[in-house]
Every structure is written in structure tokens, then in C-alpha cells.
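Undergrad: Structure incoming, see below.
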Ligand SMILES: NC(=O)c1ccc[n+]([C@@H]2O[C@H](COP(=O)([O-])OP(=O)(O)OC[C@H]3O[C@@H](n4cnc5c(N)ncnc54)[C@H](O)[C@@H]3O)[C@@H](O)[C@H]2O)c1
């Protein structure tokens, strides 16, 4: 049976764990060559190792998405190595607030926007440059339910709203180049980011019941949505923020 990303390449940020690693493994299972990048280079290399050990093709590299020149070089490297860039998953993100943080804390704002906004914008710009030339490509950015509601800390919420803005702006700009740009908006997902919640049974139960399906999501469930949006089955979908949230936003 042919695999849907056979012969295609994908560039992923934040691929050292959680949703990014799940997506990297899922793309590889479907035949894609995977460039797995992360701020933590060892985690990125571990993701690549998991892929190559399973018979896929991948490499891992350190990348800080707040460094525009490094982003440009990392995206160029995919094209230099494999001759094409078909898909990109701009997924690196941080949360720097908790319930005790003051609303609008300037340090949290700067740190969060640097990764969640500057990083996503730099990545889209670098990727779309290649894709527009090839007249083909699909980009997915990780927003959040916090990007479609007022949930989360102020900086996180604002940053994830901005990701949807970048997604829709880029979707319009690059549509005539046959480049599609979409976003996923996960609900609470079991990953290292939600470790603190998962380690506290009362908090975990509280968060689970906020989702009508009665549980937190799994990283693989977000990865499946990302693959769909990057696939030919989504060929007429662009500029769309897709909730993967167990019904959270429907309440
Ligand atoms: N887990 C959730 O409940 C949830 C819900 C909604 C949205 N999200 C979003 O999903 C994305 C992935 O998060 P996750 O849950 O897998 O958590 P995670 O912490 O496992 O993954 C985030 C990854 O981003 C990397 N990263 C952080 N700063 C970076 C930088 N400057 N440059 C490059 N990489 C950097 C981290 O090293 C980490 O591997 C994030 O954008 C997050 O905001 C997560």
C-alpha cells in the first residue's frame, strides 16, 4: 500500500518531544523524510533516531526559532539536502505563566511572544519562500484553544491568537502560489508541557472534565490532524484553524 507522504519532505520545529515528536513519527510512518528540529538538539536527534531505527529517513538538529538567521539556514538545509520542501509544521511553543502570574507580566510576554509569535512568523517566511518557488506546499502552525478563546495566561492567549492571524494572512498571501497554510488548535494534551497537571490527580480530573469528551488528548491525535491538513485530502483547505479539543470550544 502506498504511503501518503512517500517522496515528500517535512520540516518540524519543537520536534524534540510532545506533539512535535508525535508528528515527526507519524509523518515518517507515512513515508516522509523528516527534518526534526528543537531548541534542545539532543531531543531532536533522539526523535530522528527513533525514525531511522524504524526504517525511515530523518535527521535531528538544534534550532532556536527566535533566531531568524538560524531559521532561514535550517529551512534552506532541508532543500539543500533533499531538493524540496513539501510540508512544514511550526510547532515550537512555550508557556511562561501560571495561575499566580500577574495579568500582562512583561517578562512572560517577551519570552512567550519571542517563541510563539516571532518564531512562527520567521518559519512561515522561510518556508513559503521555497514553497512559492516550487508552486506547491503545505504549512501547519500550532495555535491552541487559547487562540480561539480567552483561556490561558494573557501572553500565551495573545500569542496563540496571533498564530491564527499569521496563518490566515499567509494563507491569503501564498494561495496563488499553491501553498496552503492552516493551524491546529489543541485542547489540553498529555505532553511534557502539561506534566504539572498530570502529576496532580485533582488538577488532571479538573482539566479532563473541561473537555466534553471527558479526557485530555494524546499527542498522536493532534499529529493526525496535522498530517490531514498537510495531505492531498485537504487540498481545498487553507487559512483554517482546526480545533483538536475534545469539544472544549463547543461548550
Ligand atoms: N500540551 C498542550 O496541552 C497544548 C495545548 C495547546 C497547544 N499546545 C502547543 O503545542 C505545541 C507543542 O507543545 P507540547 O505540548 O508538545 O509541549 P512540549 O513542551 O513537549 O514541546 C514544545 C517543544 O518546543 C521546544 N521549544 C521551546 N522553545 C523553543 C525555541 N525557542 N526554539 C525551538 N524549539 C523550542 C521545546 O524544547 C519542546 O521540545 C506548543 O506550541 C504548545 O503551545 C500544547
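The values are calculated or read from the model by the stated rules, or taken from the named source; none is laboratory data. For clarity, every value in this text was computed on a predicted model and none was experimentally measured. FYI the Cβ positions are ideal-geometry reconstructions off the backbone, even for glycines, and counts take in every protein chain you see.
Undergrad: Residue 61 - would you say it is under 18 Å from the mean Cα position of the chain (by Cα) and not in a loop (DSSP other than H, G, I, E, B)?
TA: In short, yes.
Undergrad: Say we look at the stretch 182-203 and pick out the residues that are assigned to a helix (DSSP H, G or I) and within 12 Å of the ligand (Cβ to nearest atom); which of these is farthest from residue 96 (Cα to Cα)?
TA: Per the stated criteria, the residue is 198.
Undergrad: Just give me the residues in the stretch 27-58 being more than 16 Å from the ligand (Cβ to nearest atom) and in a strand (DSSP E or B), in sequence order.
TA: The one that is more than 16 Å from the ligand (Cβ to nearest atom) and in a strand (DSSP E or B): 33.
Undergrad: Right, something else. Just one of 35, 54, 26 is on the phi < 0 side of the Ramachandran plot and surrounded by fewer than 18 Cβ atoms within 10 Å (Cβ to Cβ); which is it?
TA: It is 54.
Undergrad: Please name all residue pairs, on different chains or six or more residues apart, with Cβ atoms under 8 Å, provided the first residue is in the stretch 197-221 and is on the phi < 0 side of the Ramachandran plot and at pLDDT below 95 and the second residue is in a strand (DSSP E or B) and surrounded by 12 or more Cβ atoms within 10 Å (Cβ to Cβ).
TA: 198/190
Undergrad: For the stretch 204-223: of the residues being part of a helix (DSSP H, G or I) and in contact with a helix residue (DSSP H, G or I) (Cβ under 7 Å, 6 or more places away or on another chain), which is surrounded by the fewest Cβ atoms within 10 Å (Cβ to Cβ)?
TA: 220
Undergrad: Looking at the stretch 148-181, which of its residues are within 9 Å of the ligand (Cβ to nearest atom) and not in a helix (DSSP H, G or I)?
TA: Hit for the stretch 148-181 is 152, nothing else.
Undergrad: Given the condition within 13 Å of the ligand (Cβ to nearest atom) and in contact with a strand residue (DSSP E or B) (Cβ under 8 Å, 6 or more places away or on another chain), answer yes or no: does some residue in the stretch 3-11 qualify?
TA: yes
Undergrad: Same structure again: So which of 16, 20 ends up being buried (at least 17 other Cβ atoms within 10 Å of the Cβ), part of a loop (DSSP other than H, G, I, E, B) and within 12 Å of the ligand (Cβ to nearest atom)?
TA: 16
Undergrad: Still on this structure, I have one more. Hey, residue 110 hits all of (1) within 15 Å of the ligand (Cβ to nearest atom); (2) in contact (Cβ under 8 Å) with a residue 12 or more places away in the chain; (3) more than 19 Å from the chain's Cα centre (by Cα) but one; which does it fall short on?
TA: Failing condition for residue 110: (2).
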